[in-house]
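The values are calculated or read from the model by the stated rules, or taken from the named source; none is laboratory data. Predicted model only: the values in this text are computed from it and were never measured. Glycine gets a Cβ as well: all are built from the backbone with ideal geometry, and neighbour counts include every protein chain shown.
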Protein chains: 2
Amino acid sequence: MMKKQKRYFLTEEQIPTQWYNIQADMTNKPLPPLNPATKEPLKPEDLYPVFCEECSRQELDQENAWIDIPEEVRDLYAYYRSTPLVRAYGLEKALGTPAHIYFKNESVSPVGSHKLNSAIAQAYYCKKEGVTNVTTETGAGQWGTALSYAAKVFGLEAAVYQVKISYEQKPYRRSIMQTYGAQVTPSPSMSTRAGKDILTREPNNQGSLGTAISEAVELAKTTPNCKYTLGSVMNHVTLHQTIIGLEAEKQMEMAGEYPDIVIGCFGGGSNFGGIAFPFMRHNIKDGKTTRFIAAEPASCPKLTRGKFHYDFGDVAGYTPLLPMYTLGHDFMPANIHAGGLRYHGAGVIVSQLLKDKLMEAVDIKQLETFEAGVLFAKAEGIIPAPESSHAIAAAIREAKKCTETGEEKVILFNLSGHGLIDMTAYDNYLAGNLQNYDVPEELIEKNIDKVKGLV
Amino acid sequence: MMKKQKRYFLTEEQIPTQWYNIQADMTNKPLPPLNPATKEPLKPEDLYPVFCEECSRQELDQENAWIDIPEEVRDLYAYYRSTPLVRAYGLEKALGTPAHIYFKNESVSPVGSHKLNSAIAQAYYCKKEGVTNVTTETGAGQWGTALSYAAKVFGLEAAVYQVKISYEQKPYRRSIMQTYGAQVTPSPSMSTRAGKDILTREPNNQGSLGTAISEAVELAKTTPNCKYTLGSVMNHVTLHQTIIGLEAEKQMEMAGEYPDIVIGCFGGGSNFGGIAFPFMRHNIKDGKTTRFIAAEPASCPKLTRGKFHYDFGDVAGYTPLLPMYTLGHDFMPANIHAGGLRYHGAGVIVSQLLKDKLMEAVDIKQLETFEAGVLFAKAEGIIPAPESSHAIAAAIREAKKCTETGEEKVILFNLSGHGLIDMTAYDNYLAGNLQNYDVPEELIEKNIDKVKGLV
C-alpha cells in the first residue's frame, strides 16, 4: 500500500465533453470589441475574413455556458488527456509548508504545453469549414509547435512566422515545427508586404510578435482557403483551455479537496482562464470563496499597473479595438526569457473579471521566477517553462504564508509547460547572467495617453 | 462515449511492487563474469569497491525471481508511474496496417526517458548504505540527467563525466544536469589520472564513453563514501527496468490483448530487457509464443554480427570479463545520433537469451530510423529519441508485413524517451545531411581476434 497518492487521472469516459464559457455566467458581461473604423460593436461576420467561422462565433458568445467539444477533438485530446493532477509533496517538503500544493501538469502533452488544447480545436474547425492552409506567429515557440502538429493531424498546411531573434536563438523549436511538417519563416520576411516594408526601412530588424502577427494575418487574408489562428488572448482560445480546469475539478474531488487558491501564469490569459474559470463559476453561482491569482512578469505588468481601456491587440493596429487592461500597444517588454508572457494587453474576459474584483493579479520579477523554477525542478523533477515558473513563484509565496500562519490551505496551480527547450535560460540564470527589469511609471503613462485617443 | 480507448494507466495500487529477475527462470543460466586477474567467477564482494552492495548482490542473483521494490523507490515511481500504454491509432492509420500497435510511453518521466527507473533505485540503495557521493558517465545525456535528479532527491552529491564532444554539442543536457544540482565535467578532464594521461598524450582529445567510464570509476574508487553507478548493460539495471514490462502486462490485459511481438531498441539491453523479460517469462513457463526483437543500429551490430565471447565492458579493460555478444572492446562505433546505442557489447543475460534463440535481433540503418521517427512524430505527436526510433522502425517493418498478409498481429514496443534535446539530429536529417555507416567484416574479425586471447 502506498502511503499517499500523488497523481490523479480521469478515465476517458470521465474526460469532460463540453468546454465552459464563463461569459454566459458573468453578471457584468465584457464590453464589446469595436470595429476600429466604425467604432461599432463587432459581429462574428466581421471576424470571418481572418478567423474560421466557428471560432468567430465562440469569440462573441455570451449566451451559452457550455459548448460541446466535437468528437474528433475529443478523440485527439484522448492522446494526452486527462493530464495528471499532481500533489506536490516534494515541493511541500522543500518549503516545510502545511499547505497542500497541487499542480495540473500540462507539460505532458506531446508538444510540451497546454497550447495543444486550442490548436487541435482551431485546426479541426478550419478543416471542417474547408480551409486548407493555416497561418500563425510564434515567439517563444510553444504555440507554433502546437499548431504545426495539429495542422498535420488534420492534413492542413501550416505557415508559421517565427520572430527572427527566436528563430535564431531557439533552433530546436524551429526544428520541431519542421519535423511536424510546417513551413517556418523568420519574421520580418520578404514574403509579405508588412515584412518587406520593415526590411526596406530596417534591413537588420530582429522581429517582434507584433510584426509576426501582421505577416501571418496578411498571408491569411491574401490566400484562398487560408485562415489565421492565435494561441492566446482571444475568448475562444480561453474557452478551449477550460478543459484544464474542468478536469482539475474532477481530479481535486478524487483527492478529496477543493482549492482555496487557484494560480496561473499570465500572458494573454488562456492558460490562466483555462484552469481558473471552471472553479470561478462556483464562486459566481455557488458561494465558494476561492481566490484566483494571475501571475505576470514585473517587466510586463498590464494587470497590476496597466489601465482598463479600449486598445489594439497588436502593434500595427490591425486588430479590433479590445476593452482590456493594457500597457498601450506600443509597449515593448524587456527581453525576459518567459517570451510567452511578453504581451502588452490582457484578454477581454479576464480584464472584466479583474475590474470586478473576481480575481487578483501579482507581478513577479525574473530572478524570483527562476529561483522558484530551480527549486521546483529539484523537488519535483520537472524543469518548468520560464512562463510556468511565474505560477510556481506565486504558489510558493502563498505556501510560505501558510508556513507562517500554520494554515493548511489548498493551493492549485497550472504547470502550463516544460522548459526543456529553454535550457539556455537556465544556463544564464545559473551563471548569474540574468537580471530584473523595472518599468518606469512615466513610460506606462506615455503609452496610455496615446491609447486614450482611440475611442 | 469515446469510440476507442487510446491510453491505459494503472492506479497506484496496481503498480507492481516487485521487479522480475529473469535469471531465476532461465534454463541455461548466464555464464559467470570473471575476475580478469584470476579468471575466477566473480563474487558480489568483488564488486563492492565500485558498486553499492545491494546492486552487487542483485547483479549475480540467479535464485530469486522476484525482488521487492523498496517503499521509498515506489514512492518516487508514483511521481510518474504508471507510464501510459498507448494504442498507436495514428501510426496504424499512417501505415494502413491491420496490426494493432501499442507503445509504452517512458518519455513522460520527468527526465524524459526510462533511465530514471534505475537511477532512483541505485541512488536509494547508495543512500541507505551510507554513501554520500555518486559518480557516473554520460554520452547522450539521458542517463546523466536521470542520475542527477535521483541523487538530488536522496541528498547525494552527483559527479557526472560527460563525453567532451557531447558536453559541447549538447549544452541543454549539461544545463539540465546542472539545474538538478549535479557537478558536470567534460571528459577527458584533469581531475583524474585516467583523464590526465589522455590529455597529456593528446591535448585535443574529444572524449569517449570508455574514457568517461574510467574517470567516473577512478573517482568512485579514490573518494570515501562514493560509489559508481551505471545506466545499462548490468543485470541489476535491467532488473530495475522490468517495471516497464510488468506494468505493460497489466495494461495490455486492460486493453484485452496480448502481444505477438515485443520490441525494444538495443544499446546495453536495459530498456529492451525491461519491456521484454516480464512477457518472456510466459514463453519460458506458460507456453506463450511471443517474438522478442531487439533493434540495434547497423553501425554497431553486436547482436546481429558480433560474436559470443568473454570480453571487457570498457575500452580500457578495467571491468570484469563478461560473457557476451561483442564487437570487441576496441570497436569504435560511427558517430550516429543514437548515442545511447553506441556500445560494443550486449548485457550478459540478453546474450545468453539470444544464444538460446529465446529472442531475435535486427539491425537498422540510421536513415531508416529517422524516417520512422519523423513518421511517428507526425502520426502520434511525440518526437522520439533517436535511440527509440530504432524500436519504431522495427515495429513499422513488422506492421508492414501485416499489411501484406492481412494479419492483425499485436505489436508492442517501448518508446524509451523523447528527442526534444536531440533536435539538431532531426535538423540534420531534414536537411539531408545524415548518412548510413557500413561496418566492414574484416574490422569485426580483427577486433574479435584480439578478444579471443582474453580467456
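Overview of results
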| quantity | calculated |
| --- | --- |
| Leading residue by the ranking (nearest to residue B:380 (Cα to Cα)) among those in region B:97-136 that are modelled with pLDDT under 95 and among the aliphatic types (A, V, I, L, M) | B:108 |
| Residue match in region B:378-386 (condition: acidic (Asp, Glu) and over 27 Å from residue B:87 (Cβ atoms)) | no |
| Flag for residue A:94 being more than 27 Å from residue B:11 (Cα to Cα) and either at pLDDT below 95 or within 12 Å of another protein chain (Cβ to nearest Cβ) (or both) | no |
| Condition check for residue A:74: closer than 26 Å to residue A:5 by Cα and among the charged types (D, E, K, R) | no |
| The lone exception for residue B:165 - which of (1) away from every other protein chain (no Cβ under 12 Å); (2) at pLDDT 95 or above it fails | (2) |
| Selection from region B:379-390 of residues that are of a type in the set (Gly, Ala, Ser) and either outside any loop (DSSP other than H, G, I, E, B) or within 18 Å of the chain's Cα centre (by Cα) (or both) | B:379, B:385, B:388, B:389 |
| Unmet requirement for residue A:76, which otherwise passes all of (1) within 14 Å of chain B (Cβ to nearest Cβ); (2) touching a strand residue (DSSP E or B) at 6+ places or on another chain (Cβ under 8 Å); (3) on the phi < 0 side of the Ramachandran plot; (4) surrounded by 20 or more Cβ atoms within 10 Å (Cβ to Cβ) | (2) |
| Qualifying residue in region B:344-360 (condition: among the aliphatic types (A, V, I, L, M) and either closer than 22 Å to residue B:434 by Cβ or within 14 Å of another protein chain (Cβ to nearest Cβ) (or both)) | no |
| Residue match in region A:391-408 (condition: assigned by TED's automatic domain parsing to the domain that holds residue A:302, under 18 Å from the mean Cα position of the chain (by Cα) and closer than 21 Å to residue B:420 by Cα) | no |
| Residue in region B:191-203 that is in a loop (DSSP other than H, G, I, E, B) and of a type in the set (S, T, N, Q) present | yes |
| Residue that is outside any loop (DSSP other than H, G, I, E, B) and over 22 Å from residue B:416 (Cβ atoms), where the choices are B:318, B:310, B:325 | B:310 |
| In region B:97-112, the residues that are facing chain A (nearest Cβ under 10 Å) and either among the small types (Gly, Ala, Ser) or outside any helix (DSSP H, G or I) (or both) | B:105, B:107, B:109, B:110, B:111, B:112 |
| Residue that is more than 9 Å from chain B (Cβ to nearest Cβ), within 24 Å of the chain's Cα centre (by Cα) and more than 17 Å from residue A:293 (Cβ to Cβ), where the choices are A:415, A:375 | A:375 |
| Selected residue [farther than 24 Å from residue A:48 by Cβ, within 14 Å of chain B (Cβ to nearest Cβ) and in contact with a helix residue (DSSP H, G or I) (Cβ under 7 Å, 6 or more places away or on another chain)] from A:207, A:195, A:181 | A:181 |
| Helices (runs of 4 or more DSSP H) (entirely within region A:1-84) containing at least 2 residues that are among the aliphatic types (A, V, I, L, M) | A:71-77 |
| Filter result (surrounded by fewer than 19 Cβ atoms within 10 Å (Cβ to Cβ), within 21 Å of residue B:346 (Cα to Cα) and of a type in the set (Ser, Thr, Tyr)) within region B:1-50 | B:27 |
| Single unsatisfied condition, residue A:137 versus (1) away from chain B (no Cβ under 14 Å); (2) out of contact with any helix residue (DSSP H, G or I) (no Cβ under 7 Å at 6 or more places or on another chain); (3) crowded, with 24+ Cβ neighbours inside 10 Å | (2) |
| Count of residues meeting criterion [hydrophobic (A, V, I, L, M, F, W, C) and more than 14 Å from chain A (Cβ to nearest Cβ)] in region B:113-134 | 4 |
| Any hit, region A:421-431, residues being closer than 21 Å to residue A:139 by Cα, surrounded by 17 or more Cβ atoms within 10 Å (Cβ to Cβ) and among the polar types (S, T, N, Q) | no |
| Verdict on residue B:363 being of a type in the set (Asp, Glu) and surrounded by fewer than 20 Cβ atoms within 10 Å (Cβ to Cβ) | no |
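Yes or no, residue by residue, for (1) part of a loop (DSSP other than H, G, I, E, B); (2) of a type in the set (Lys, Arg):
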{"position": "A:330", "(1), (2)": "yes, no"}
{"position": "A:340", "(1), (2)": "no, no"}
{"position": "A:343", "(1), (2)": "yes, no"}
{"position": "A:350", "(1), (2)": "no, no"}
{"position": "A:354", "(1), (2)": "no, no"}
{"position": "A:357", "(1), (2)": "yes, yes"}
{"position": "A:362", "(1), (2)": "no, no"}
{"position": "A:368", "(1), (2)": "no, no"}
{"position": "A:373", "(1), (2)": "no, no"}
